[in-house]
């Protein structure tokens, strides 16, 4: 976390993170401030380049199959598709590392993780509030 971000109020950091997530979800790759998000596309191939997968923003966005591949068994074709997809995602990570950007992540996974953390925080805050209420009630009962 950089110095500027660490001085921001928690509410401001959460608002900014939500804006970034919304930008990633809508595919614009831009935050509300107009800053470009993670960019880049990468492709991977398999089966002598008869299977090509394309990845962007940490997700598979395209798959091209040479018609000859459709003659293969489902197991073989599945292996080639997985190989091409993994090669594309690996190439995308390498691109991000070479550009000095943050690792590419799946926005949907990040959204689920942030929501789970928010829900856990709410549960813990509720439990803490209840405990404080009980302690105050016991203290008041002891004063009588």
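We did not get these values from a lab; they are worked out from the coordinates using the rules stated. All figures in this text were calculated on a predicted structure; none of them were measured in a lab. We place every Cβ from the backbone using ideal geometry, glycine too, and count neighbours over all the protein chains shown.
Observations on the structure shown:
- Rg and Dmax of segment 39-104, Cα atoms only, in Å: 12.6, 42
- Model label sites at residue 108 and residue 19, defined 7 Å from Cα along the beta-carbon direction, differ in position by 2.6 nm.
- Inter-label distance, nm, simple model (7 Å from Cα along the C-beta direction), residue 73/residue 48: 2.0 nm
- Counting only DSSP beta bridges with both residues in segment 39-104, the antiparallel share comes to about 100 percent.
- Counting 0.36 nm for each residue step from residue 141 to residue 82 and taking away their Cα separation leaves a gain of 14.6 nm.
- Take each peptide in 50-59, 106-115, 120-129, 78-87, count the other Cβ atoms within 10 Å of every residue, and average; sorted highest first, the result is 50-59, 78-87, 106-115, 120-129.
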